[in-house]
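Student: Have a look at this one.
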Amino acid sequence: MGDILQYFLNGLARGSIYSLVALGLVVIYQGTGHLNFAQGEMSLFATFGAWWINDHGVPLWLSILLAASFAFVGGGVIEFGLIRPAAKKSPFAVVVVTIGLFQAFNSLSGLLFKGAATGLSFGTIFPNKPKDFFRLPGGAVWRYENIGVLLTVLVITALLFLLFRKTKVGLAMRMVANNADSAKLSGVPTNKVLMLSWALSAAIGTIGCALVAGINTNVSLGTMFGVFLLASAAAILGGLDSPLGAVVGGLSLGVIESFVTNYPKDWWASTYIGADTATAAAFVIILVVLLARPSGLFGSTHVERV
Amino acid sequence: MAITITESSAKHWALRFVGVATLAGIAIYFASGAAPSTLGKITEACTLAIAAIALNLLLGFNGQISLGHSAFAGLAAFTAGYSVNAWHWNPWLSLLISCAVCFAFGMLVGLPALRLKGSYLALVTLAVAFVWPTVARKFLNQTVKQSTLTGMKLKPPTWTGLANNRADRALFLFWLSITLLIVAYVVVRNIRKSRIGRSLVAVRDNETAAAVMGVNLPLTKTITFGISASLAGLAGWLTAAQLTTLDENSFTILTSIKYLLALILGGAATLAGPVVGAFVYYFVDDLLKTNAPHWDFLPGPLSNGPVASFLLGAVVIAFVFIAPTGFVGLIKSQTRRIAIVVPRPLRHSTVAEASVEESESP
C-alpha cells in the first residue's frame, strides 16, 4: 500500500512537469494549429542560460526567472521573425522550421556551454537534503522537492487560467483559438496574440525544463528529448486545444510512467518490462485512448464542410 | 518567350532521353573512377533517397504524415541481418521477406491512422519510432545475446565479375543502391500515374469528397501505409547491406526526421523531389561535417564542436524561405521561363463525340 502511494507521489511530481511543458505546447497549438517541435530545445537553451547566470553568482531562483524572461522575449522574436513568414509559404514550412530550430538550438547549446553534452550540475530551488520529507501512513515519503515542484506547477497553471479567463488579453487569445478569422474581424490584433502565445510558451517551457534539471540534478543536451516526447503525448492525450486536457494528460502520464517503471518489476520478471519500457507503455495507452477519442480526452471536434 | 513542348512529343522524349543519359553518364563516371569512400557516400545518399520516396508516397501523395519510417527501416534491417546471420538465409530472399514484414507492420500502423490526422497521427507514428530502439535492444539482449547485430556482409555475385574486396564491394553496393533507387522510383511513379494514384491524391485533398466519388478510404489508406513501409524497408535492407554492425541506435527518431527533411527540402508530392532532396541533404550535411571544423572565419566558439549540426539546422530553415516548395519546385519555376511542357491536346474523336451529344441533348 505504501509502495503504491509512493509511486503515485513520485509520478505526480514528474507528471506536473509534463503538464507544464504540455501547457506550453497547447498555448501555441490552439492559436496557430502548429505543434512546436522545438519547444523542448528552446527551453533547454534558456535553462543553460539560467545555469550560466547562476554560475556567475546570481541566486538560482532569480537566474531561472531571468532565463524565463529571456525565453519570453526570444519566443516572441522567433514567432515574428521565422514562424510567421514561414506560415505564409506552405503548410509544411512551419513543421520544417520548428525541426530546424530543434537541431539549431540543441547544437547551439552544445557550442556555447562547455560540457553540455555530458551534463552540467544544476541545483534545485527546493530543500533537497536526505531528510527533507513528510512521512505518510504506510511508509511512503513525500519529499519537499516533489511538493515544491507540484506547487510551482499548480501556481503557474492557476495564473495561466486566470490569464485566459479573467483578462482582456486572455479573452483575445481564446477568441483567436476559437476562430482566428472572426477574431480578426472583431478587431483582435491576431498577430500580437500569436506572438504572445509563443512568448508565453517559451517562458513556461523554460520553467518546466529548469524543474526537470533540478530533479535530475543536472542538465545535458539530452534532458528534454524524453520530457518533450511525453509532454507532447500528454498534450495530445488531453486534446491539443485544451489547456485543462494538458494538465490532466500530463499528471496521468507521469503517474502511469511511475507505475510501469516500478511496479511490475516484482511480478512480470524485469526482463520483459523495465524503466526504458515505461515510455513505450505510456504510448500504447495513448494509442488506445486516441482510437476511442481521436481528438483527445478534452479536445474539441470540428465538423468539416465538403 | 518560353518554348512550349508538348507532352510525349518527339521533343519531350528527346529531352527525357538527354536527362536520363546525363544521369547515367554521371553514375558511370563515378563508378569508373571514384574512391570507395565516395561510392559509399553516394550509396548512403541513395538509401536516404529510397526512404524519402517511401515517405513521399505516404505524406506527399496521400497526406498521411509518418515519423515512424525509421522503425520500418530498422525492422527490415534487423530482419535481414538476423535471418542472414542466424538462419543463413540467402540475402536476396531476406530482401523479399523484410519488405513483406514491413508491409504487414505498416498496414498495422496504418490502422490507427484511419482515425487520426495531422499532429495526432504525427505523434502516434513518433511513438512507433520511439519504441523501436527499445524493442531492438530487448531483441539484442534476449535473442542475439550481443550488444550489436552483424550486418549482412553482402558479397558481389560471381556473374558480376567483382571480387570480395573493399573496392569491389563498394562498387557493387553503389550499383545495387542505384538499381533499388530506380525500382522504388518507378514503383511510386507508376502508382502515381495510375487510377490508384489519383485516388490517393483525392483522399489527401478531401477525404469525404473522395469517399463520395467511390474511393474505398480504409483500404486505400492502409495499403498506402503498407507500400510506403515496405519501401522504407527496402532502404533499411540496403543499410543492413552496407553496415558491418547494427544496433538499437542505427534507427532512431532522428533518422525519421532526416527522411522528412530530405523529402520536404526536395519537394513533397513531386516524383523527383525526394531523390533531389535526399542528395542535397546528404551532401550539404557531409560538406558541413567535413569542412566546418576548418573554417577559421567563423567566430571563436562556433568553429569547433557541433557547428556542422547547427549550420545544418540553419540551412534547413533558410531553405524554407528560399524554396518554399522544395528544390524541385524552385527548379520548375525557373525552367518555366525557358520551356514549358504542356499536356497532349485531346484527341479529336473525344471532342467530336462530346459536341454531338451536346447538340442532341435538348
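Please treat every number below as a calculation from the coordinates, not as lab data. Please read all numbers here as calculations on a predicted model, not as lab measurements. Note that we place each Cβ from the backbone using ideal geometry, even for glycine, and neighbour counts take in every protein chain shown.
Student: Checking the a/c ratio against 1.5 first, then a/b against b/c, what shape does the Cα gyration tensor give for the range B:71-196? Don't skip to the answer; put the middle values down first.
Tutor: On the way: a/c = 2.53, a/b = 1.28, b/c = 1.98.
It is oblate, given that a/c is not under 1.5 and a/b is not larger than b/c.
Student: Using Cβ contacts closer than 10 Å as the measure, can you line up B:Ser147, B:Ser98, B:Ser309 from fewest to most?
Tutor: Details: B:Ser147 11, B:Ser98 27, B:Ser309 20.
In order of increasing Cβ crowding within 10 Å: B:Ser147, B:Ser309, B:Ser98.
Student: Additional query: Given the pairs A:Lys114/B:Lys145; B:Lys11/B:Lys193; A:Lys131/A:Lys166; A:Lys129/A:Lys166; A:Lys129/B:Lys138; A:Lys129/A:Lys168, which span a C-alpha to C-alpha distance of over 32 angstrom in this model? Don't skip to the end; give the middle numbers.
Tutor: Numbers: A:Lys114/B:Lys145 37 Å; B:Lys11/B:Lys193 21 Å; A:Lys131/A:Lys166 41 Å; A:Lys129/A:Lys166 39 Å; A:Lys129/B:Lys138 37 Å; A:Lys129/A:Lys168 43 Å.
The pairs that break the limit, which is 32 Å between Cα atoms, are A:Lys114/B:Lys145; A:Lys131/A:Lys166; A:Lys129/A:Lys166; A:Lys129/B:Lys138; A:Lys129/A:Lys168.
Student: How do B:Asp285, A:Asp181, A:Asp3 line up, fewest other C-beta atoms within 10 Å first?
Tutor: On the way: B:Asp285 21, A:Asp181 9, A:Asp3 14.
In increasing order of surrounding Cβ atoms, one gets A:Asp181, A:Asp3, B:Asp285.
Student: Taking only the alpha carbons of the range B:36-259, what extent do you get along each of the three principal axes, in Å, biggest first?
Tutor: So the three principal-axis extents are 58, 38, 28 Å.
Student: Please label the shape of the range A:2-81 as rounded, prolate or oblate, based on the square roots a ≥ b ≥ c of the eigenvalues of the alpha-carbon gyration tensor (a/c under 1.5 means rounded; beyond that, a/b larger than b/c means prolate, else oblate).
Tutor: On the way: a/c = 3.17, a/b = 1.19, b/c = 2.65.
Cα axes put the range A:2-81 in the oblate bin.
Student: On a 0 to 90 degree scale, rounded to 10, what angle separates helix B:166-193 from the longest Cα axis of chain B?
Tutor: 30
Student: Additional query: In deg cm²/dmol, rounded to 500, what helix-only [θ] at 222 nm does the protein assembly as shown give when every DSSP H run of at least 4 residues adds -39500 (n - 2.57) and the total is split over its residues? Spell out each step's value before the answer.
Tutor: Values: 26 runs with 464 residues, N = 668.
Counting only the DSSP helices, I get -23500 deg cm²/dmol.
Student: Summing Lys, Arg as +1 and Asp, Glu as -1, what charge do residues with Cβ under 15 Å from the Cβ of A:Tyr144 carry, A:Tyr144 excluded? Please report the intermediate quantities before stating the final value.
Tutor: On the way: positive: A:Lys129, A:Lys131, A:Arg135, A:Arg143; negative: A:Asp132, A:Glu145.
Summing Lys and Arg as +1 and Asp and Glu as -1 gives +2.
Student: Note the angle between two axes, namely the Cα long axis of helix A:190-216 and the longest principal axis of the Cα atoms of chain A, as a number of degrees from 0 to 90, rounded to the nearest 10.
Tutor: In chain A, helix A:190-216 runs at an angle near 10 degrees to the longest axis.
Student: Relative to the compact-globule scaling 2.2 N^0.38 Å, provide the ratio for the alpha-carbon radius of gyration of chain A. Each step should come with its number before you reach the end.
Tutor: Working: Rg = 19.5 Å, N = 306, 2.2 N^0.38 = 19.4 Å.
Relative to the 2.2 N^0.38 Å estimate, chain A comes out at 1.01.
Student: Going by the alpha-carbon gyration tensor, a ≥ b ≥ c the square roots of its eigenvalues, is the protein assembly as shown rounded (a/c under 1.5) or, if a/c is not under 1.5, prolate (a/b greater than b/c) versus oblate? It would help to have the intermediate numbers written out before the result.
Tutor: Details: a/c = 1.68, a/b = 1.36, b/c = 1.23.
The shape class here is prolate.
Student: On to the next question. Sequence neighbours fewer than 8 away in the same chain don't count; with that in mind, list the lysines whose C-alpha is under 16 Å from B:Lys221.
Tutor: Here the lysines satisfying the reach criterion relative to B:Lys221 are B:Lys117.
Student: Here's a follow-up. For the range A:90-230, go through all pairs of different Cα atoms, get the mean of 1/r, take its inverse, and jot down that Kirkwood value in Å.
Tutor: Details: mean 1/r = 0.0546 Å⁻¹.
Every distinct Cα pair counted, the radius reaches 18.3 Å.
Student: Then there is this: Could you list A:Met173, B:Met213 so that the one with the fewest beta carbons within 10 Å of its beta carbon is first and the one with the most is last? Mind showing how you got there, number by number?
Tutor: On the way: A:Met173 23, B:Met213 12.
With the sparsest Cβ surroundings first, the list reads B:Met213, A:Met173.
Student: Ignore the peptide's own chain and count Cβ atoms of other chains within 10 Å of each Cβ in A:108-116; give me the average, rounded. Before the final figure, lay out the partial values.
Tutor: Numbers: counts 8, 2, 5, 9, 4, 1, 2, 0, 2.
Averaged over the peptide's residues, the number is 4.
Student: Net charge within 12 Å of B:Thr224 by Cβ-Cβ distance, Lys/Arg positive one each and Asp/Glu negative one each, not counting B:Thr224 itself?
Tutor: Values: positive: B:Arg192, B:Arg204, B:Lys221; negative: none.
Net of charged neighbours comes to +3.
Student: For chain A, what is the charge dipole size about the Cα centre, in debye to the nearest 20, if Lys and Arg each add +1 at the Cβ and Asp and Glu each add -1 at the Cβ?
Tutor: On the way: 18 positive and 12 negative charges, 141 e Å.
Approximately 680 debye in magnitude.
Student: If I fit a long axis through the Cα atoms of helix B:348-360 and take the longest principal axis of the Cα atoms of chain B, what angle between them do I get, 0 to 90°, rounded to 10?
Tutor: The angle comes out near 50 degrees.
Student: Could you tell me which residue out of B:Ile227, B:Asn190, A:Leu20 lies farthest along the dipole of the protein assembly as shown toward its positive end? Charges go on the beta carbon: Lys and Arg +1, Asp and Glu -1, centred on the Cα centre.
Tutor: B:Asn190
Student: Another one. Only Lys, Arg, Asp and Glu count, each charged at its Cβ (+1, +1, -1, -1), so figure out the dipole size of chain B about its Cα centre, rounded to 20 debye.
Tutor: Details: 26 positive and 14 negative charges, 67 e Å.
That gives chain B a dipole magnitude of about 320 debye.
Student: Over the range B:75-214, what is the relative contact order in whole percent, taking alpha-carbon pairs under 8 Å and six or more residues apart?
Tutor: 17
Student: Related question: Under a 5 Å amide H to amide H cut-off, with H placed in plane at 1.01 Å, what residues pair with A:Asn218 once short-range neighbours are removed?
Tutor: It is A:Phe122, by chain and number.
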